[in-house]
Amino acid sequence: MDKWQRRTAYYLLMLTGVMLVYAVIYDYGMSVYESEPETFLHSLQVVVETFTTTGFGSDAPWQTPEMNLLVIIMDTTGVFLIFMALPVLVFPLMEDILSTTVPTTVDDSLTDHVVVCTYTSRADALIAELDAWGVESVILEPDRATAVKLHEDGYDVINADPESTEGLEDAGVERARALVADVSDEVDASIVLAAGEVGGEDLQVVSVVEDPESVSYHRLAGADEVLSPRPLLGRGLASKVTTGISTELGDAIEIGDDFDIAELPIHRKSELVGKTLSESGIREQAGVNVIGAWFDGEFRSPPDPDAELDNGTVLLVTGREDQLQTLKELTLSRVREFRRGETIVVGYGQVGTTVAERLTEAGVSYRVIDLEQKSGVDVVGDALEPDVLHAAGLEEARTVVLTLPDDTTTEFATLVIRDESPETEVVARVTENESVQKMYRAGADYVLSLASVSGRMIASTILEGEDVLSIDQQVDVVRTEAVGLVGQTLEEAQVRKRTGCTVVGVERGGEVITDLGPSFRVEAGDELIVAGTDAGTNRFTELCC
């Protein structure tokens with residue numbers, strides 16, 4: 001019996017009891033005060049007529065003050081009980097009838113799907129990846145209000161408890177290809193244990209942890225894969241600092257023999273700043289192919305030759321290692337001063353700790369700001385306060401790495417830094433994908449989203465057909481067969497126009513072909529290497545795979 005049914009039963013029981021009591025009193029009063037004895041059934045009829053306001057009593061009028069007072073009390077009681085029924089029974093019932101009904105189980109025909117427990121910003125990125133590859137998913141959300149909103153927004157969701165075997169069975173986990181637990185380290189372990197009881201033999205259980213030290217516990221609980229995106233995000237941010245003060249190429253992705261793809265941010269005081277792409281002479285000086293670029297957080301492929309390059313521009317280029325190396329030197333600042341404290345790390349959680357460790361390994365000096373005094377923290381205070389930033393050496397800092405957990409705070413910190421030290425580069429992490437554009441508008445030079453990195457990491461673990469070559473970067477580079485393009489030339493396929501992606505290489509017969517002209521024809525069995533944004537590569541898989 002649910003809450004509404006119990007409430008209805010209690011109300012009806014109380015109403016019946018009150019009516020019977022009044023019927024006894026009325027029957028007694030008619031005999032004693034009015035000297036007109038009635039049957040008990042007649043007395044009950046008068047009470048019902050009075051309570052329901054369908055009549056004023058068939059015995060009216062009454063002659064004695066006692067009976068009139070009794071009828072007045074009955075009238076008042078009846079009205080009170082009737083009006084009380086509206087908020088207690090009628091309104092909740094109407095709300096249930098008019099509210100959205102959220103499924104509590106999946107259809108029995110659903111198979112080979114991914115069960116996502118529960119909804120987070122990381123789940124959003126993952127579901128987008130799964131949709132692009134034609135893999136069905138269902139969100140198992142215990143909070144009904146959240147489940148209702150997700151259902152109204154078009155997500156496949158059921159309202160059930162992911163920690164219970166019943167909830168997982170309702171999600172069809174025994175027929176699923178994978179289960180992703182992404183709530184908290186403790187809850188995820190509980191979900192993994194429950195999945196071990198009801199999951200099928202082929203079920204892949206993936207757990208996402210906040211604390212890398214929890215990995216062993218989740219494996220002990222039965223997780224097949226335990227992922228920790230925050231350290232990966234930290235390594236990605238640190239690489240932008242280390243490559244920004246070094247002539248080493250850094251995070252290039254090998255596409256074929258001596259042919260790479262790389263993301264190269266243009267640093268402040270680089271000779272490229274202020275020039276358009278056509279004026280920069282990048283092609284002539286370095287020999288690379290610029291296949292895309294980020295301008296203020298917006299990815300353009302191909303970039304407009306008249307687009308002006310600034311310190312917020314990130315180039316996506318392909319070429320030989322020596323060519324990329326030449327371009328790397330062009331993107332660096334012409335004035336390179338190396339001094340103690342040239343990098344400031346703001347926030348010393350999992351991401352900040354990883355950044356600091358990578359900077360130490362690279363021999364880059366840095367100072368750490370955090371709200372709490374702990375080992376490794378140099379300045380204790382709020383990074384939103386200019387005095388705290390200056391105490392960490394902001395006026396001498398080349399780069400500030402923001403690893404704060406709150407996106408709004410990160411956005412405001414960027415504004416403060418940009419106002420106090422316009423020449424200092426800002427490299428930042430955000431939690432939500434929606435915050436990336438705002439960060440670039442605030443003045444950040446390079447931004448990585450935890451949701452995007454996590455979604456790629458989980459998707460690359462689950463999807464056998466997707467070979468994600470870049471996880472901790474702004475671009476997505478995937479290797480996949482594109483059966484929809486077989487028999488077409490690249491010019492006929494118009495991949496860039498349709499998806500915003502670029503085919504940078506094709507693996508055919510064990511050999512990677514990188515010299516791809518418009519007349520290159522895709523053959524059966526070819527694996528295309530495609531670069532673009534998450535949304536772009538997702539569109540590519542939807543249209544071409």
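The values are calculated or read from the model by the stated rules, or taken from the named source; none is laboratory data. Computed from a predicted structure; not experimentally measured. Here the Cβ positions follow ideal geometry from the backbone for every residue, glycine too, while neighbour counts run over all protein chains shown. In case anyone asks, the SASA skips ligands and DNA or RNA and just uses the protein heavy atoms, side chains included. Shrake-Rupley method; radii C 1.70, N 1.55, O 1.52, S 1.80 Å.
For this structure, a couple of remarks:
- For the range 135-192, the extents of the C-alpha atoms along the principal axes are 29, 23, 19 Å, listed from largest to smallest.
- Mean Kyte hydropathy of 0.0 or more with a Cα span along the axis of at least 27 Å, helices from DSSP in the chain: 3-32, 65-85
- Per-pair calculated FRET efficiency, R0 = 45 Å: T101 and T52 via Cβ, rounded to 0.05: 0.85
- Signed unit charges on C-beta, dipole axis of the chain, positive-most listed residue T50, T410, T101: T410
- Charge tally for C501 (other residues, Cβ to Cβ under 9 Å; Lys, Arg +1; Asp, Glu -1): +2.
- Accessible area of the chain belonging to carbon and sulfur atoms, whole % at 1.4 Å probe: 51 percent
- Here the chain is treated with +1 on each Lys and Arg Cβ and -1 on each Asp and Glu Cβ, and its dipole about the Cα centre works out to around 1200 debye.
- Loop-located trypsin sites (Lys or Arg not before Pro) in the range 354-425 (DSSP state other than H, G, I, E, B) with a sparse environment of at most 16 neighbouring Cβ atoms within 10 Å: K374.
- Put simply, the C-alpha atoms of the range 154-249 give a gyration tensor, and the ellipsoid matching it has half-axes of 33, 14, 12 Å, longest first.
- Value of relative contact order over the chain, rounded to a whole percent, pairs C-alpha under 8 Å and six or more apart: 11 percent
- Per residue, the accessible area of the range 13-52 comes to 54 Å², computed with a 1.4 Å probe over protein heavy atoms only.
- For the range 388-469, GluC sites (Glu not before Pro) are listed when DSSP marks them as loop and at most 10 other Cβ atoms sit within 10 Å of their Cβ; the list is E464.
- Looking at the chain, the DSSP beta bridges with both ends there are about 50 percent antiparallel.
- Loop-located GluC sites (Glu not before Pro) across the range 292-321 with a Cβ neighbour count of 10 or fewer within 10 Å are lacking, with loop assigned by DSSP.
- Length-normalised contact order of the range 111-244 in % [C-alpha pairs under 8 Å, at least 6 apart]: 21 percent
- Gain in span if fully extended, F412 to V32, counting 0.36 nm per residue against the direct Cα distance: 128.6 nm
- Distance violations [Cα-Cα > 25 Å] among K240/K275; K328/K374; K374/K438; K328/K438: K328/K374; K374/K438; K328/K438
- Projecting the alpha carbon convex hull of the chain along each direction and taking the average yields 36.6 nm².
- The range 497-545: C-alpha pair distances exceeding 16 Å, %: 40 percent
- Mean Cβ count within 10 Å, highest first, over the residues of peptides 199-208, 36-45: 199-208, 36-45
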